[in-house]
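Reviewing the structure listed below.
The values are calculated or read from the model by the stated rules, or taken from the named source; none is laboratory data. Here the structure is a predicted model, which is why all the values come from computation and not from measurement. Note that we place each Cβ from the backbone using ideal geometry, even for glycine, and neighbour counts take in every protein chain shown. For the accessible areas, the whole protein counts, side chains as well, though only heavy atoms, and no ligand, DNA or RNA atoms are used. Shrake-Rupley method; radii C 1.70, N 1.55, O 1.52, S 1.80 Å.
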Amino acid sequence: MAFIDTSITGSFKDDRDQNVFIGIDLPFYRSLGSEGYFASTTTTISAVKNNIKNLIQTEKGERLLQPDVGINLKNYLFEQITTDLYSKIEEDILSTLNFWLPFVTINKLDINIDNSTLDDKNTITINIVFSLTQTPSILESIQIEI
């Protein structure tokens, strides 16, 4: 998970130094630079985006020694679509993000469930607009499809 240096006010220390690497960039690819074998992220926001995407796409019980990491979103794919289903998914996402990434503030959460039988496609698309608690005026967004 990303580390936020709270000893410095204003911008993040690691965001100003291009030689400081936060986490591994996704999807994995070989680095051509000095960060190591795999390409790495150089900003806190890009690392947090990767963390949110990984957390939402991880099923509970999938990670060894930490069975509570993740959300069981695949369980909702073939459920009856009701307003109650949307609220359950939203509650799961918000509680998981608040527990594992408490430094992230969710500003907007949109959930779209596509169960069209024409394409044989059952997907849940999640759009999240978020900010970091240290910089609440800077909004970022991420889209995840399951």
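With (1) aromatic (F, W, Y); (2) farther than 30 Å from D114 by Cβ; (3) at pLDDT 75 or above as the list, and F12 as the residue in question, which single condition is left unmet? All conditions are met except number (3). G23 falls short on exactly one of the conditions (1) open to solvent by 50 Å² or more (accessible area, probe 1.4 Å); (2) at pLDDT 75 or above; (3) within 22 Å of N54 (Cβ to Cβ), and that condition is (1). Considering only residues in region 70-104 that are acidic (D, E) and free of Cβ contacts under 8 Å to residues at least 12 places away in the same chain, the one that is nearest to S131 (Cα to Cα) turns out to be E91. Whenever a residue of region 28-41 is among the charged types (D, E, K, R), its partners that are in a loop (DSSP other than H, G, I, E, B) and surrounded by fewer than 13 Cβ atoms within 10 Å (Cβ to Cβ), lying with C-beta atoms within less than 7 angstrom and at least six residues away or across chains, give the pairs R30/Y37. When N107 is tested against (1) farther than 20 Å from N50 by Cα; (2) without any contact (Cβ under 8 Å) to a residue 60 or more places away in the chain, just one condition goes unmet, and that condition is (1). Scanning region 47-106 for residues that are of a type in the set (A, V, I, L, M) and open to solvent by 50 Å² or more (accessible area, probe 1.4 Å) yields L64, L65, I81, L94.
Which one is surrounded by the most Cβ atoms within 10 Å (Cβ to Cβ), of the residues in region 28-46 that are under 13 Å from the mean Cα position of the chain (by Cα) and β-branched (V, I, T)? Among those that are under 13 Å from the mean Cα position of the chain (by Cα) and β-branched (V, I, T), it is T44.
Candidates are the residues of region 52-99 that are in a loop (DSSP other than H, G, I, E, B) and basic (K, R); the one that is modelled with the lowest pLDDT is R63.
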